[in-house]
Amino acid sequence: MPRSVAVQAYPEEYVTARPLIAEAEARPLIADPDVGIPDLIRRLTSDSRRLVTDEVQLARLEAKDSLHRATRGVLWLTLAFGAAVIMLVAITLLLTSLLGRLMNDHMWFGAIVTGVIELAIGAWLLKKGLSAYTEPSYTLEQTRASLAETAHWTTSVAQR
């Protein structure tokens, strides 16, 4: 049975868009003994159709939102990568020069120590990034499961 949605009334000047999910007309639940089986099946079919339509629309909205967030994330990741490359070059030169001067102007020693430090930091960041990448997105999987459940329910009701 579809869930009812409470709609709050706003002044017309604040309303900018129509609701995203189709609102179902509220039908009073009347126990009419004269209602026949065909009418009940017609109502069930109508409610099922509306439910499936809303589920598909929700899946589309969630996919669009996920794509938007992913695109924004890629943009920020690209900008961060560019800034990090410049920063790491500057830090590498600073650390190499500092360690080389501390070791009686043996710059090769500063370069080797700096390289080892940067490799260790890189490996740690790679491990952290891969573990964060493997975490699943929770909303899209829930929507897919809900769509599959709705389709299964609809086919089982239609077969009865």
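Among the conditions (1) touching a Ser or Thr at 6+ places or on another chain (Cβ under 6 Å); (2) within 28 Å of Gly73 (Cα to Cα); (3) of a type in the set (Ser, Thr, Tyr), Ser131 misses just one, which is (1). When the residues of region 61-73 are filtered to those that are among the aliphatic types (A, V, I, L, M) and exposed (fewer than 12 other Cβ atoms within 10 Å of the Cβ), the one that is nearest to Ala145 (Cα to Cα) is Leu67.
Looking at this structure, is Leu58 closer than 30 Å to Val157 by Cα and either modelled with pLDDT under 90 or surrounded by 13 or more Cβ atoms within 10 Å (Cβ to Cβ) (or both)?
Values: closer than 30 Å to Val157 by Cα: yes; either modelled with pLDDT under 90 or surrounded by 13 or more Cβ atoms within 10 Å (Cβ to Cβ) (or both): yes.
When the stated conditions are applied, Leu58 passes them.
Quick one: in region 120-148, of everything that is part of a helix (DSSP H, G or I), hydroxyl-bearing (Ser, Thr, Tyr) and surrounded by 10 or more Cβ atoms within 10 Å (Cβ to Cβ), which residue is modelled with the lowest pLDDT? Ranking the candidates gives Thr139 first.
Among residues of region 110-130 that are under 20 Å from Ala80 (Cβ atoms), those with a Cβ under 9 angstrom from a residue that is surrounded by 11 or more Cβ atoms within 10 Å (Cβ to Cβ) and modelled with pLDDT under 90, sequence gap 6+ or separate chain, pair up as Glu118/Leu88.
The values are calculated or read from the model by the stated rules, or taken from the named source; none is laboratory data. None of the values given here were measured: they were computed from a predicted structure. Glycine also receives a Cβ, built like all others from the backbone with ideal geometry; neighbour counts cover every protein chain displayed.
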